[in-house]
1. Which residue pairs have Cβ atoms closer than 9 Å, lie 6 or more positions apart in sequence or on different chains, and pair a first residue in the range A:49-77 that is of a type in the set (Val, Ile, Thr) with a second residue that is part of a loop (DSSP other than H, G, I, E, B)?
2. Output the residue which, of all residues in the range B:47-72 that are surrounded by fewer than 19 Cβ atoms within 10 Å (Cβ to Cβ) and of a type in the set (A, V, I, L, M, F, W, C), is nearest to the other protein chains (Cβ to nearest Cβ).
3. Quick one: in the range B:92-111, which of the residues that are within 7 Å of chain A (Cβ to nearest Cβ) and in contact with a Pro (Cβ under 8 Å, 6 or more places away or on another chain) is farthest from residue A:107 (Cα to Cα)?
4. Tell me the residue from A:83, A:78, A:56, A:52 that is surrounded by fewer than 16 Cβ atoms within 10 Å (Cβ to Cβ), charged (D, E, K, R) and within 23 Å of residue B:91 (Cα to Cα), please.
5. Tell me which residues, restricted to the range A:90-106, are crowded, with 20+ Cβ neighbours inside 10 Å and either more than 10 Å from chain B (Cβ to nearest Cβ) or assigned to a strand (DSSP E or B) (or both).
6. For the range B:22-36, check the following and say yes or no: at least one residue is within 8 Å of another protein chain (Cβ to nearest Cβ) and either outside any strand (DSSP E or B) or farther than 21 Å from residue A:103 by Cβ (or both).
7. Mind checking whether some residue in the range A:64-71 is out of contact with any Ser or Thr (no Cβ under 6 Å at 6 or more places or on another chain) and surrounded by 14 or more Cβ atoms within 10 Å (Cβ to Cβ)?
8. Can you list the strands (runs of 3 or more DSSP E) lying wholly within the range A:17-61 that have 1 or more residues being more than 10 Å from chain B (Cβ to nearest Cβ) and of a type in the set (Lys, Arg)?
Amino acid sequence: DTGVSQDPRHKITKRGQNVTFRCDPISEHNRLYWYRQTLGQGPEFLTYFQNEAQLEKSRLLSDRFSAERPKGSFSTLEIQRTEQGDSAMYLCASSSQAASGGADTQYFGPGTRLTVL
Amino acid sequence: GQNIDQPTEMTATEGAIVQINCTYQTSGFNGLFWYQQHAGEAPTFLSYNVLDGLEEKGRFSSFLSRSKGYSYLLLKELQMKDSASYLCAVRGVNAGNMLTFGGGTRLMVKP
């Protein structure tokens, strides 16, 4: 059973460019989450999908950020007109209440490290 | 809203026992998680508590007191590979199912 995978692992871009990240969750997990983590801090919640429906968005998710999960499997996170403050590690996690005996434990991918120059 | 506090750094000796505390204030509570994160890597799940008491998993144990808004992670027989950040995270009762994380405790294990 493979874990959560993310692509790319690293992305360097210039300010003002658009970037897109992909997350492939654990296959039987119907819930998918995006978090952002900066150095020395814990992850901060960005958004949450149950199947293909985006059910929650953080106030941190400005209108430059958009996430999709079109078929309830993989998800993409796009950042438009990147700013230097967007530099962070973007983490994806997935979970399934049925698969974890009610704990609905979130399992994290390796992350995409974004550097905006 | 939710507020989670844990010490920023701790140091311990190989073979010893260390306790990492976490206090939280939440508008609703639906479980507390501990994750381990090595530098540059993803958080990996360690333990889950939703009821008061101690959960033991090998060298790692986690305790929860909901009335006190308090949890701790206990690491026994410390090994050098235990040097990492330990993240306390609380899940609320909102529809988002999201986790709110503390800033993490960076543990350094010395020989």
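The values are calculated or read from the model by the stated rules, or taken from the named source; none is laboratory data. Being a predicted model, the structure only gives us computed values, none of them experimental. In this analysis, Cβ positions are derived from the backbone assuming ideal geometry, glycine residues included, and neighbour counts consider all displayed protein chains.
1. If the second residue must be part of a loop (DSSP other than H, G, I, E, B), the pairs left are A:76/A:69; A:76/A:70.
2. B:50
3. B:101
4. Testing whether each residue is surrounded by fewer than 16 Cβ atoms within 10 Å (Cβ to Cβ), charged (D, E, K, R) and within 23 Å of residue B:91 (Cα to Cα) leaves just A:52.
5. A:90, A:91, A:92, A:93, A:94, A:95
6. Yes, the conditions are met somewhere in the range B:22-36.
7. Scanning the range A:64-71 turns up at least one residue that is out of contact with any Ser or Thr (no Cβ under 6 Å at 6 or more places or on another chain) and surrounded by 14 or more Cβ atoms within 10 Å (Cβ to Cβ).
8. A:19-24, A:31-37
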